[in-house]
Structure formats: C-alpha cells, structure tokens
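All remarks here apply to the structure that follows.
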Amino acid sequence: MKNSPPVAVLQRIRSRYGTALLVALALVVMSIIVNMTPLKEQTWLRVLFGVSALNFTLRATVPLVLGALSGILCERSGIINIGIEGMMLAGAFGGFVAKTSTNHWPLVASLVFSVVVAMAIGGLMGAIHALFSIRFRMDQIISGTVIIILALGATSYLYNRDAIAEGKFSSIPIPGLAQIPVVGPVLFDNPPITYLALILVVVVHVGLFYTRWGLRTRAVGEHPRAADTVGINVNLYRYVNTTLGGMLAGLAGAFLVLEAVGQFQEGMTAGRGFISLAAMIFGNWTPFGALGAATLFGYTQALQNELLLAGVTQVPRQFISMLPYVVTIVAVSGLVGRVRPPAAEGKVYETEGSE
Amino acid sequence: MKLSRITTLVIFLTTLALLLAACPAPAAVPAADTDAGAADSGAAGEFKVGLVTDVGRVNDRSFNQSAWEGVTASAEGLGLAEDDIKYIETQDAKDYADNIQQFVDAGYNVIVTVGFALGDATNVAAKENPDVFFIGVDQFQGETLPNVAGLIFNEDHSGYLAGVLAGSLSKTGTIAAVLGTDLVPPVVAFNEGYVAGAKSVNADINVISTYHPGEISQAFVDPEWGAATAKQALDQGADVIFGAGGITGNGALQEIATADGAGETVFCIGVDTDQWNTVPAAHPCLVSSAMKLITPGVVELVNMANDGAFPGGNYFGKADLAPFHDFDDMIPQELKDLLEETKAGLIDGSIDTGYGN
Amino acid sequence: MATAFPIASLQRVLRALFIPALALLAALLAGAIVMILSGDDPLAAYSGLFQGAFGDGKGWARTIRKTVPFILTGLSVALAFKVSLFNIGASGQFVIGSVFAVAVGVNFEGLPAFIHLPLALIAGIVGGMLWGAIPGFLKVYTGAHEVIVTIMLNYVASLFAGWTVYAGGTQGQTPGPLWDRTAGAISETQDVLASAQIPWLFGPPYRVHYGIFIALAAAILIWWLIFKTPLGFEMRTVGHNMRAASYAGIRVNFTIILTMALAGGLAGLAGGIETLGLNHKFAPEFGGAVGFDGITVALLGQTHPFGVLLAAFMFGALDGGAATMQFESGVPADIIQIIQALVLAFVAAPLIIRMIFRLRQQTQEEAASAVSTSWGGS
C-alpha cells in the first residue's frame, strides 16, 4: 500500500465507476420503495425490483464474479484463461469428494476442509495451465480448451453417483445490518462464500492497484521485457497468478457444491465459466467492473425467471435467455465503451535462460 | 526461475515415470482385437435384455436409472445371468439407432429404449426386426406395432394429485413449480396437471411455475438453477413447491429442505419416483412425490415378453402419488379422502385434467 | 497431387505425421493408466473400441458416419487457423447451418431432388457463413476478439435454434416457425422431404450416405484454395504477419471477414449434411458438440486439410467405437473424452511429447506455434 489513503481509493473508484454506482444506488432505492409500499402489487415493478429478483441476482452473481476474478488474476499477468469453466468444475468435484469423505466430521470442519480442497484442485488446474502455457509454450487458448475438456471428461469418469454429501453452508445474518429493510435480507443474510466473494472483489482490487505485487503483476502483463529489465521474475509471477486464479475458480466450484446446491452433478457449472469470461472482459479486466458485469448478467437471469413466474410470455423465453450473450458481444464490440486487454497477453515470454 | 524449473522437472519426472511404467500395455493393444468377449456374452443365455439410455448416464437418479432398475429387477425375477442384461449410455442424440442396432446384432430379445426422443429410432428398428421386442419408455405410439410397447404415463394425473395436495396445504395462496425444460412433453404434462389440480381445490390460487431457460442438454442437470429458482419462488411467498425436472428439480427440493420453516410451513413435492428414497437430503420438506412408476412398468413388460404375451401399442404405467412418509400424521384425514376420491375420478374419467385437449 | 511423391515430400509427410502419432499413443497410454487406477480393464476397453470402430461392416459404417462432420468442422477451424483466427464458434455455425438446411428441406414440396437437395445444402452453407461472418466483421470493424464473440454466438445459436422448433409450452407462448404441428408437445421439425434427403451409399442398417464424398471434396477444395490460389496466398500472408500483409497491399479486412465466413460455411455445411443425410429433421437435442471437437481435429491435423482428414477419421473411430467399448467392457465413454483432451494437449505442445519419448531435435516448423493469439487481435 503506497501513497493510497482510503479517501484517494474512494475517489478513484468514484471517478471510474461513478455511473455504475449511480445505477446501483438507483436500483437499491427503487427496490426499497417498491418492496415497502403498495407498489409491489404492480407486476412489472415487482418483476424488476422484487426481493426475490435481487436475491437470485446476488446468488447467480457469486460464481460469475469469482470466475471473473480468476480470469483477471491470470490475464493481468499475461496468461489468457478461457479454461475457467474447467477449473470451476474441477474445484466443484474436488470439494464434493472432500465433503463426501468427511461426512462424519463436524459439519463446519468438513465444509471448511472441502472448500480448501476445492481451491487446491482449482489451483492445481491453474498450475497445469501455467505449465502448459509457459514451460511447454502451448497456445494459451488451446491450453484453456484442454483444461475444459479434461475437467469435463475426468469429473464424469471419476464421479461416484452413489456418494452423497451431507449438509451445506447456511446463512449467517450479520447482526444489525441484516435488519435493514430490503437491503438487509438481500445483502447481509447470506452464507459465507457469498460474503467472501464480495470481500475478494475489494481484496483483488486493492492488491492489483495498490500493492507492489499488483504493480509487478500488471507490469508483467503489460510489458514483460521492461519488467524483466528491472529484475522482476516474469514467469514466476505468471505461475503464481495463474495458480491463484485457479484457486478462485475452485472457490466458485466450492460455492456451487458446498453452499448453493449441496451435491455435485456432471457439468454442473453449466457454462458459468464462459459467462465469467465475458464478465471479466465486459468489466475491462478490473475487479469492480467484473462485479458490475457479473451483477448485470445475474440480473438478466433473474429477470427471465421473474417474467416466467409472473406469467409474462409475450416475448419467447429463448430471446430473453439470449440477453447475457448479446450484451457481451455488444460490450466487446466497443459499443459501450472500449475495453482493453493487458498488452502482453497470450505471448510466451522467453528470457535467455529459459531454454 | 530456479524454483519454476525445479517444479516443472518434478512434475515432469512423475508423469514420465507413470507413462514408462505403463509401457508394456500398448504392445498388447493391437493384438487384442479378437472378439473373444463378444463370443462369451453371445453364448451365455437364451433370453437377453438390453437398455439404451437417453443422452446421459444410467445411474442418473432419474428416469434412466428407474428403467435400468426395472431391467435388473426383471432379470432377477426371471433368473437371468448377469451377462444377459446390458446397457449402453448414449453420448449423442445421433447415436440412438446405432446403439439399438448394437443390441439387435448381439441377439438381444428385448431392448428397452428410454425417453421420448428415441421414439423414431425405436420404431424404425422394430420394423426391421419383427422378432425383437422393444419397450419404449415415454414413447407414445401413433400406430400399433406388435413388437413395440410404448410405456407411457398419465403424468397429468399424478401432477393433478400433487396439485390437489399442494393447493390444500398452502396457507399463503401461492404455490410454485420448478421444472425442467418444456421441450420435453412429460414435464409439461406434470405441470398442466399440477395447475389444474391446485385450481380444483382453490380457484383463486396463484400458481407460479417456471421452466429451465437453457438448452435441452442442460435443463435436467443444472441443480443450482433449480435451487436458486426455488429460493426465488419462496421469496415470492410460495409455500409448496413442486420440483419436477431430474437433477434440476432435486436442486430445488434440497434448497427448500434447508429453508426456514421447512416441514412446518414450507413443503416440497418430488417427481418421477418416490424421492423420499432417492433424495434423502429433501426429507425435511418432502410431503410426497408425483410418481410415474417406470420400474414396475418395465418389469411387467419384460415379463410379458418372456411369456410370449407382449402387448404392442401403448401400455399405461402407473401414475400416482407417493406415500407421505414422516408427514403422514400431518395430513388431515379429509385431505387423504379427497386425494383418494380424486384418484378414483381420474381413473374413471369423471375428472379431466384438461391436458392435451 | 496426381504426380508421384518425390522422396523429399514423402519425408516431409512422415515428419508431419510423427508428432500426432506419438501424441495419440501417449494419450492412449495415459488413458490406460487412468483406467487401471480406477479399476477398469484398459485391454478390454481398447479391444472393444477397436472392434466397435473397425470390427465389421457396421463398425466401419459408424466410423465413416462419425468422420463426416469431423472433417468439415475440423476444416472450418483449420482454415481460420491459417489466418491466425481462432474459430471456437463451429458448433454455433453447425447449428445454424442445420436450421437453415432443414428450413429448405421441409418446404418446397414438388421440387425435383437435383434442385431441392443442393438448394438445402447451400442454405446450410449460407446460414453458417452468415453466422461465421459476424465475428469476422466485428473483429475488423470494432476489434472484438473472435474467440469471445464466437463463444457467445454458440449460446445464441443454440437458443435461436431451440426457438425455431419450439412447441410453445403451456404458458401461451407462440410456437416456433419450424415446429412440426403434428408433433404434439414435442419440439422438432417435420421430416425433411425425400427430395432433399442425401441418398444412401449403403442403406440401413449401415446408413452411410453420400455426404462423405461432399466432405472429401471440401477437403480437396480447401487445400486447393489455401495452397494453389492467390486468395489462399493472401490468407496465409495475413495469418503470418498482418502488418506486412497490409503493407504488401493485401486486403486484410476483407480476407479476415471472408475467412470467417468460409469457416462458418464449412461448419454450416456439416450441420446441413448431418440434418439432410442422417437425422432427417432438427430437434434441440441435435446440438453442435461436434463443432467443439473440430478444434481438436484441426490441431491434430496440424491445420493442414489432409491432416484434418486423418485426424477426423481417427476421431470418427474413437466415437464410432465408444458404444461398443461400453457394451463389451463396461467402461463408460467418458474415457474417450479424457483421451481426446490429452491428444489435444500433446499435439499442441510437442515439447511434452519430445520429453516423454526423449526426442531431441526440433524442426523449425514445429517451433512455430500453430496459432498465436491474444484478446487484442489486430
């Protein structure tokens, strides 16, 4: 943390994400008004701002934002990661195996242990990705593809369908805050990984932009030659960041198995890793941007459910389901503000000593 | 630099050692293409039963598994050897015909094909092989072939019973259904029956139901969507939720089981089999299940094929409500009576669910 | 082609085959280890696999039938690779191609087959081309990376295709435009009219249609396009060095859009052939997973059209034998997926293969990566 008092941090966040924060604030105010007044009898207002929609949004956001953070860590250091989906799935499977083999432990101990295992497995997948990309100079997009296919095949092959995980994380209301109307039940009455994900957004943001590690990571991703010249071990940074990224994807898997569902299912990530990728890009490789994008995607998913639940079927449901994907295409096409990836991404960095 | 080199070296040596350790294996691979295995299984018995799953796994805790349990149960009853029953898990919808042909070629007498999507392939194979019996689970037969029995169910009937139960239990006046995709007809039938049943006991009841938004390959295997959607329905005041859609629906049941008031003010209803047995995690809220009993249906048809009394055409399996198990004391006697009356009415046709009209 | 191979080019071919062959071997070995570790019998599995793929006429028929779409989706990805474009969108293009082909195939009753069938196939190609051109267009004019756009378009394609055959559900939704009104609650199209079906080369129970010749012809055509035409030269130049190509007066933007459109057209043709030749209808369960496998096939084939033929054949055999493998040995077909992932890994990183088999020397061609990509694109 050098020369960055909290005020400066806040200012920076505000200037960069001013619009996004304003929109979020408007949403919160609207939802409080709608849910506290007779306005909630209006179908359309309820669909857009009901507590159920907000709860669903947050829940759908958690794996997406964790996946996006995973991508950010890798890509900021110059390693493209399209394998988030595979890392997530492997993490979910690891967490499930750990949980089923520790069912007899006290619930919390077993769950925490399983989260650790899920993150370790995710981290292992990240390390393999880094090894492929750096040591074996494999094309990074292909390496990511390998990670995905491998995770799908291996978890299906090894999955014991008779194993049953007993118990999952339950909500921990935060005293005081949870009593705030509307906002309380949505934001401050959640299970632990949800809180952890939101905290990690801040941690990764501060880490990336206000620590020596973050500065170096970004240097490695933007201009590895210069970083090398000043004595930064480029490939070490890439290994570490990609492994950390894998661990975050593994945490997203842990969320699915240990907090959200309580069981494993083949292919249960169901494309969430790919949408994380989109959230990362839409969020311009920044943690808060990714959070905003993930929330938007989560919100579109909530909406399509809300519309069906409310019996609104004028628009074929398939077209509503397309929204997150179309929004992403629009976003990467630069129609909503241009995004810029780290400059040295996807390129193998070779020092004289690496052969 | 040093660290990363050592790490890669260690990882690499391990891999290398593993690969070298297995080196003798490949030499034998090309030589092993005799069909000793096929000859063995071919000679084992006279009555053989094969099963082709829909895309998915045979032990999916859902309809593939129920059908396979029917095959194993009938094999036990008929005293068949373990080698006389086999399954092939379909990987791709294009492979239905191939996988059926696999059993035809191996001389199987009865072939069970699971899921409406296999209907066309099953009927084509049946016409080509008139001496093989086919059991098509969930396959409605438009024309009657003597060697194809479509094992179908009035899902709308058991859905209707579930609706009567849900409508009677609900205190909030809102009930919900979390469903697999409407691209699959039986799921739609369950829901239609459910809505009609609920309206029959409470005309003003608010039934909110939603289908999985994704493609068909994801719709039944996305438990997190099921769980999150169930939560969404709870947030909207639903107090009885019908989870109908394979693993997706199971996700919904498990979510409700951990909700506040589960089993006291909030209930869930399962689908297909008695899910009290298949999803133990749902016990806190699971009052009953809207069943379509695939397993006994398959057993009956296999036995009939063995006896030479195979019924071609549509064969209706049992569609019913599962026992209440731990909730038996909670269900008032009037409601039990109502359900019995309704069941009788559905069977004799005096009650119409409105589905398919 | 027709002239005899000179020794030098034969050597080159052998050298090109070397790494992929070793990669396959290593992947089968690794697959065997996984099976041993989890208590399955690799010998029984591989013998079942071999028997299922080549054991008899039906085995060969399965293998050939599976090979056809792999050839075309592999060519689709390989062609894009030649221009340094990564087409992950073959599965979406495949699905759109299927829908376009079936739309023509179920309509226009009374057209003679020699008009109807080509028309339906062309519709499939056009559908795929449109879908493929979108990422090319966006890349050129907005800088959007084709990988992310094609991934997203895969989802959009699958949802769109689902809508076209949608039976309407129960909540009062309008059914899709291609839905078969006689299918009750089932979401699918009618059967393709006989005049638009690709005829059988070997009829049931073999069910091999003439599509294999279309696929082979496409491979030769793409080889000719890449290596024997000025356009192919431009494509390869753009793939090699975009800036240099631009200085040399090559229309880089045009080349990128055209390549993506052609790649999409190939995947769309694959969809059309599968629909008109094999499935004879479209339903949501006929998804485009085969498009994703096109990536592996293209890389295994070293992005050369004839390499793609071999790789597609190999993948066709792996998939064609999978069911028999399970039938004979009880080993679930997921193991095939693991093997395919490992093949991809080993082919994409020849260094790993060289380490496993302790090979030293490295040719220059292999040192150059097949693709070099970053989100930044141009």
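Read-outs throughout are calculated quantities, based only on the coordinates presented, and are distinct from any laboratory measurement. Keep in mind it's a predicted model, so treat the numbers as computed, not measured. All Cβ positions, even for glycine, are placed from backbone atoms using ideal geometry, and neighbour counts span all protein chains on display.
A few points about this structure:
- Calculated FRET value between C:Leu14 and A:Leu107, using beta carbons and R₀ = 45 Å, to 0.05: 0.15
- Of the GluC sites (Glu not before Pro) in region B:218-315, the ones in a loop by DSSP (not H, G, I, E or B) with at most 12 other beta carbons within 10 Å are B:Glu264.
- Distance in nm between pseudo-label sites at C:Ile36 and A:Phe319 (7 Å out along the Cβ direction from Cα): 5.8
- Neighbourhood charge, 14 Å Cβ-Cβ cut-off, centred on C:Pro284 and excluding it, Lys, Arg +1 and Asp, Glu -1: -4
- Calculated over chain C: convex hull of Cα atoms, volume per residue (Å³): 176
- For chain B: rounded, prolate or oblate by the Cα gyration tensor [a/c cutoff 1.5]: oblate
- Using the average count of surrounding beta-carbon atoms within 10 Å as a protection proxy, the listed peptides C:208-220, B:92-104, A:155-167, A:286-298 rank, highest first, as A:286-298, B:92-104, C:208-220, A:155-167.
- Geometric descriptor of the protein assembly as shown, per residue, is 176 Å³ (volume of the convex hull of the Cα atoms).
- Between helix B:96-105 and chain B: long-axis angle, C-alpha atoms, 0 to 90°, nearest 10: 60
- Cα-based convex hull, region B:45-152, per residue volume (Å³, whole number): 92
- Take every DSSP beta bridge whose two residues both sit in the protein assembly as shown; close to 15 percent of them are antiparallel.
- B:Ala309/B:His283 FRET efficiency (R0 41 Å; Cβ-Cβ; nearest 0.05): 0.50
- Quarter of Cα convex hull surface for chain A, i.e. mean projection, nm²: 19.8
- Estimated purely from DSSP H runs of n ≥ 4, each contributing -39500 (n - 2.57), the mean residue ellipticity at 222 nm for chain B is -14000 deg cm²/dmol once divided by its residues.
- Between 0 and 90°, nearest 10: helix A:192-210 axis offset from chain A longest Cα axis: 50
- Taking amide H as placed 1.01 Å from N in the peptide plane, B:Ala177 has its amide H under 5 Å from the amide H of B:Ile208, B:Ser209, B:Thr210, B:Phe242, each at least 5 places away in sequence or on another chain.
- Computed from phi, the 3J(HN,Hα) profile of region B:235-252 under the Karplus parametrisation 6.51, -1.76, 1.60 (θ = phi - 60°) reads 4, 8, x, 5, 10, 10, 10, 9, x, 10, x, x, 5, 4, x, 4, x, 5 Hz, with x in place of Gly and Pro.
- Across all directions, the average flat footprint of the convex hull enclosing the Cα atoms of region C:210-368 is 12.4 nm².
- Candidate lysines - alpha carbon under 25 Å from B:Lys292, same-chain residues fewer than 8 apart omitted: B:Lys86, B:Lys199, B:Lys318, B:Lys336, B:Lys343
- Each label point was placed 7 Å from the Cα along the Cα-to-Cβ direction; for A:Val230 and C:Phe227 their separation is 4.9 nm.
- For region C:208-274 and region C:136-203, distance of Cα centres in Å: 25
- Computed [θ] at 222 nm, deg cm²/dmol, chain A (DSSP H ≥ 4; -39,500 (n - 2.57); rounded to nearest 500): -22000 deg cm²/dmol
- Highest-MSF residue in chain C out of C:Gln340, C:Gln190, C:Gln11 [GNM, Cα springs under 10 Å]: C:Gln11
- Scalar couplings 3J(HN,Hα) for region B:63-68, obtained by applying the Karplus form with A = 6.51, B = -1.76, C = 1.60 to θ = phi - 60°, are 5, 4, 5, 4, 5, 5 Hz; x denotes Gly and Pro.
- Label-to-label distance, B:Lys318 versus C:Phe202, with points set 7 angstrom from Cα along the beta-carbon direction: 4.7 nm.
- 16 Å reach of a label modelled at C:Asn107, 7 Å along Cα-to-Cβ, counting backbone N of region C:256-290: C:282
- Across region B:284-357, C-alpha contacts under 8 Å between residues 6 or more apart give a mean separation that, scaled by the residue count, equals a relative contact order of 35 percent.
- Residue-span extension gain [C:Thr142 to C:Ala217] - 0.36 nm each, minus C-alpha spacing: 23.5 nm
- Region C:286-306 versus region B:262-276: alpha-carbon centroid distance in Å: 45
- Between the Cα long axis of helix A:323-332 and the first principal axis of chain A there is an angle of about 40°, rounded to the nearest 10.
- Within 10 Å of each Cβ in C:61-67, the average number of Cβ atoms from other chains: 2
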